[in-house]
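For reference, the structure discussed in these notes is given below.
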Amino acid sequence: MRPMGLLKLLLVSGAFATAVADDHLSRDRDYDYDPPAPGSYSLPVVKPAGDGALLDCDGKSLNLRDLTHGRITVLSFIYTRCAAPKACPYATGVLGQLHDLSAKDTSLAKNMRLVSISFDPEYDTPQRLAVYSENVREEKSGCEWRFVTAKSHTELEPIVAAYDQAVDKRSNAVDAQGPLYHTVRVFLIDRESRIRNIYSSGTLDVRLVLADVKTLLLEDARLSKQ
């Protein structure tokens, strides 16, 4: 596990470029646009969310489906040794901002869930993930944020395949950005375990994710009145 100070620096430099000030999420040079107003658009179903066997930070077995239904879920694939600024530290930072915002928003706290799945099960043991989760979680209150891994690559493979999450070993195992190369994919999943949006490093703007989450909340409210 990298020292806490370096991990914090990576999260700040790679993920918090979009500033949060006075609860207002503003533009920056990477996302110089105004996101759509929640509820002014619809999010079609992409496909059902994949399932698989996992371990939580306490080493307890659970199924991924347990974490992708009942709440609106933002799911990110990561590994703790990643040091590429626009990869895992960035994605974890975006989830961290959502968690911080949920600590001040009762509706988000009750209806949103964050899930970080490691695709490095040999290194990212439940114990390491428990430490990592404490290092990246700024607020103790807020929505549920689960950190999970698999028992082995064999059990992990069908999960990453279901989400089309590309992962490969770098040719240089001691690369400064980490031993694994991967694409950034973060998933928005509705209460019925259906994927409604997929964000890449180019679209993972916390303002857009927040608008999408609120759009699904408004959709739920409309459907409950029918």
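Observations
- Subset of the stretch 151-189 [assigned to a strand (DSSP E or B) and in contact (Cβ under 8 Å) with a residue 40 or more places away in the chain]: Val167, Leu180, His182, Val186, Phe187, Leu188, Ile189
- Summed over the stretch 62-89, the residues that are open to solvent by 10 Å² or more (accessible area, probe 1.4 Å), in contact (Cβ under 8 Å) with a residue 12 or more places away in the chain and not in a loop (DSSP other than H, G, I, E, B) give a count of 3.
For (1) open to solvent by 40 Å² or more (accessible area, probe 1.4 Å); (2) closer than 27 Å to Lys86 by Cα; (3) in contact with a Gly (Cβ under 6 Å, 6 or more places away or on another chain), each residue gets a yes or a no:
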{"site": "Arg29", "(1), (2), (3)": "yes, yes, no"}
{"site": "Asp34", "(1), (2), (3)": "yes, yes, no"}
{"site": "Ala37", "(1), (2), (3)": "yes, yes, no"}
{"site": "Tyr41", "(1), (2), (3)": "yes, no, no"}
{"site": "Lys47", "(1), (2), (3)": "yes, yes, no"}
{"site": "Asp56", "(1), (2), (3)": "no, yes, no"}
{"site": "Lys60", "(1), (2), (3)": "yes, no, no"}
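- Qualifying residue in the stretch 124-137 (condition: part of a strand (DSSP E or B), surrounded by 14 or more Cβ atoms within 10 Å (Cβ to Cβ) and β-branched (Val, Ile, Thr)): no
- The set of residues in the stretch 196-218 being in contact (Cβ under 8 Å) with a residue 12 or more places away in the chain, under 22 Å from Pro48 (Cβ atoms) and among the β-branched types (Val, Ile, Thr) consists of Ile198, Val209, Val213, Thr215.
So that you can scan it fast, the table gives a plain yes or no per residue for (1) of a type in the set (S, T, N, Q); (2) within 30 Å of Asp220 (Cβ to Cβ); (3) out of contact with any helix residue (DSSP H, G or I) (no Cβ under 8 Å at 6 or more places or on another chain):
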| position | (1), (2), (3) |
| --- | --- |
| Ser171 | yes, no, yes |
| Tyr181 | no, no, yes |
| Asp190 | no, yes, no |
| Asn197 | yes, yes, no |
| Thr203 | yes, yes, yes |
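- Scanning the stretch 97-104 for any residue that is in contact with a strand residue (DSSP E or B) (Cβ under 8 Å, 6 or more places away or on another chain), open to solvent by 10 Å² or more (accessible area, probe 1.4 Å) and in contact (Cβ under 8 Å) with a residue 12 or more places away in the chain turns up at least one such residue.
- All positions within the stretch 145-161 that are among the polar types (S, T, N, Q) and open to solvent by 30 Å² or more (accessible area, probe 1.4 Å): Ser152, Thr154
- Residues in the stretch 162-200 that are farther than 27 Å from Asp30 by Cβ and modelled with pLDDT under 95 were compared, and the one that is most open to solvent (accessible area, probe 1.4 Å) is Lys169.
The values are calculated or read from the model by the stated rules, or taken from the named source; none is laboratory data. From a predicted model like this one, the values you see are computed outputs, not experimental measurements. In this analysis, Cβ positions are derived from the backbone assuming ideal geometry, glycine residues included, and neighbour counts consider all displayed protein chains. Note: accessible area is taken over every heavy atom of the protein model, side chains too, but ligands, DNA and RNA are not part of it. Shrake-Rupley method; radii C 1.70, N 1.55, O 1.52, S 1.80 Å.
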